[in-house]
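Report on one structure; see the data block that follows.
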Amino acid sequence: MKMNSLLVAAIVLAALSGVLYWSNHRKPKEDAVKVSADTPPKILTLAQADITKVDIKKKTGDAVELTKNEVGKWQILAAKPLRADQNEVSSILSTLSSLTSDRLIEERAGNLADYGLAQPSVEVDVTEKDNKTQKVLIGDSTPAGNATYVALVGDPRVFSLATYAKTSLDKTAKDLRDKRLLVFDQDKLSRVELTAKKQDIEFGRNKDQWQIVKPKPYRADDSKVEELLRKLGDAKMDLNVSDGDQKKSIAAFNSGTPIATAKVTDASGTEELQVRKSKDDYYAKSTAVDGVYKVGSDLGTALDKTVDDFRNKKLLDLGFNDPDKIEFHVGTKAYFLTKGGSDWFSADGKKVDAIGAETYVGKVRDLAASKFLDNGSGASEFELTVTSNSGKSVEKILVSKDGDHYVAKRDGEPALYQLDPVMVTGLEKAADDLKPAVEPKPEPAKKK
């Protein structure tokens, strides 16, 4: 009986030893993973500014080599030289500079092949400015599928890494390539040229404001020029088209109707974009990249403009807190309004009713052209002089009547603006309605 008991015990012990050996040498399952401390351990910690090179190598043979040039811009050197998308590269650097695991899987891994790390699906080599290189190996997915095994060459530990972190590193040249059709620094543009609707238009920058230089010097609507630049900057290549579709795009461009040609000039030089229309589709060709690409109709519409579409229709260039002073002469009548703090005062220094003053100032601020004129004349109707920017800016508007509309001209400028009659009569009425402010009556003295 005792012999039978000993035999059973020996068999159980052998079975337990086998289970223990198997569990220590098999790939860990989700429910058998060693749990790390509460705070997931760091895999890699680097100063992002010190990273000068990143190599991404894939098991499939694809590879990308990224380097930072002398001016701090990232570029793709291999498989072939290409401009890199700085935002995409920045995302990779952000992940690498503080690469944090989900958990520690094994303190000293016996066999990296168990985790797919002997021949990793992705290897990311990070080089710092001291030429020290760290190699990150990314292997198989964990059994649950929401993480990936990862290791650092020279470190015996194996970690799990969140899938989203792997995705941010597992990139191809197509992913990291700068897909913009025009590459420019919008803040450093000095000149923009647009040929459309049989007009040659040129914009020049004066400090932070755009001006129309050609076909004639005009005031530009900054918002319209900035919108044009946004559309040009947002025009991107579609790199997922097939070779057959690319050939169709080239044929459509070559046979298409020219819509516009845009040129942008910054410190790095000038780049050009041609846009043509074939049937209902738009196609673009750029000097910045090879090939022809189908683009959205919004780009074609943004470029298909005349010079008047970019002109400033507002008669006055006023800031948010302007004006400071208004002089309005209509025939023999004269109206003076000066700002003092939050109040408005007439020529004799008396405070003006706030509601009437704000209505009048609003009419002055709203003066805008219904359209632009090449010529126009008539008897002078009124003269408006507006002082703003703490006295640094003085603008004078001369208005005459020509038939059933009014013609406005800014003093010192050749441009003519047509004003609707309702705008002029509204201004005159608001001026006539100005009246002194009603001072509050003093409270009667209290009886003792």
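A few comments on the model shown:
- When residues of region 204-224 are limited to those that are part of a strand (DSSP E or B) and touching a helix residue (DSSP H, G or I) at 6+ places or on another chain (Cβ under 8 Å), the one most open to solvent (accessible area, probe 1.4 Å): Gln209
- Here is the figure for region 144-167: residues that are of a type in the set (Gly, Ala, Ser) and assigned to a strand (DSSP E or B) total 4.
Each row is one residue, and each column tells you yes or no for (1) among the acidic types (Asp, Glu); (2) without any contact (Cβ under 8 Å) to a residue 12 or more places away in the chain.
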| position | (1), (2) |
| --- | --- |
| Lys371 | no, no |
| Asp420 | yes, no |
| Thr425 | no, yes |
| Ala430 | no, no |
| Asp433 | yes, no |
| Glu443 | yes, yes |
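- Residues of region 305-341 that turn out to be surrounded by fewer than 17 Cβ atoms within 10 Å (Cβ to Cβ), in a loop (DSSP other than H, G, I, E, B) and either at negative phi or in contact (Cβ under 8 Å) with a residue 24 or more places away in the chain (or both), as a count: 8
- Test result for Ile250, of a type in the set (Val, Ile, Thr), farther than 14 Å from Thr195 by Cα and either in contact with a helix residue (DSSP H, G or I) (Cβ under 6 Å, 6 or more places away or on another chain) or part of a helix (DSSP H, G or I) (or both): yes
- Some residue of region 381-402 being touching a residue at least 12 places away in the same chain (Cβ under 8 Å), at positive phi and either surrounded by 13 or more Cβ atoms within 10 Å (Cβ to Cβ) or part of a strand (DSSP E or B) (or both): yes
- Count of residues meeting criterion [open to solvent by less than 70 Å² (accessible area, probe 1.4 Å) and over 12 Å from Leu299 (Cβ atoms)] in region 264-279: 7
- In region 79-89, the residues that are open to solvent by 30 Å² or more (accessible area, probe 1.4 Å) and either touching a strand residue (DSSP E or B) at 6+ places or on another chain (Cβ under 8 Å) or in a loop (DSSP other than H, G, I, E, B) (or both): Ala79, Lys80, Pro81, Leu82, Arg83, Asp85, Gln86
- Qualifying positions in region 342-379 - open to solvent by 50 Å² or more (accessible area, probe 1.4 Å), within 16 Å of His329 (Cα to Cα) and modelled with pLDDT of 95 or more: Lys363
This table checks each residue for (1) in contact with a Phe, Trp or Tyr (Cβ under 9 Å, 6 or more places away or on another chain); (2) of a type in the set (Gly, Ala, Ser).
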{"site": "Lys401", "(1), (2)": "no, no"}
{"site": "Ala408", "(1), (2)": "yes, yes"}
{"site": "Glu413", "(1), (2)": "yes, no"}
{"site": "Tyr417", "(1), (2)": "yes, no"}
{"site": "Met423", "(1), (2)": "yes, no"}
{"site": "Ala430", "(1), (2)": "yes, yes"}
{"site": "Glu443", "(1), (2)": "no, no"}
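- Condition check for Leu182: assigned to a loop (DSSP other than H, G, I, E, B) and open to solvent by less than 30 Å² (accessible area, probe 1.4 Å): yes
The values are calculated or read from the model by the stated rules, or taken from the named source; none is laboratory data. Everything numeric here is computed off the predicted structure, so don't read it as measured data. FYI the Cβ positions are ideal-geometry reconstructions off the backbone, even for glycines, and counts take in every protein chain you see. Surface accessibility is based on the protein's heavy atoms, side chains included, excluding ligands, DNA and RNA. Shrake-Rupley method; radii C 1.70, N 1.55, O 1.52, S 1.80 Å.
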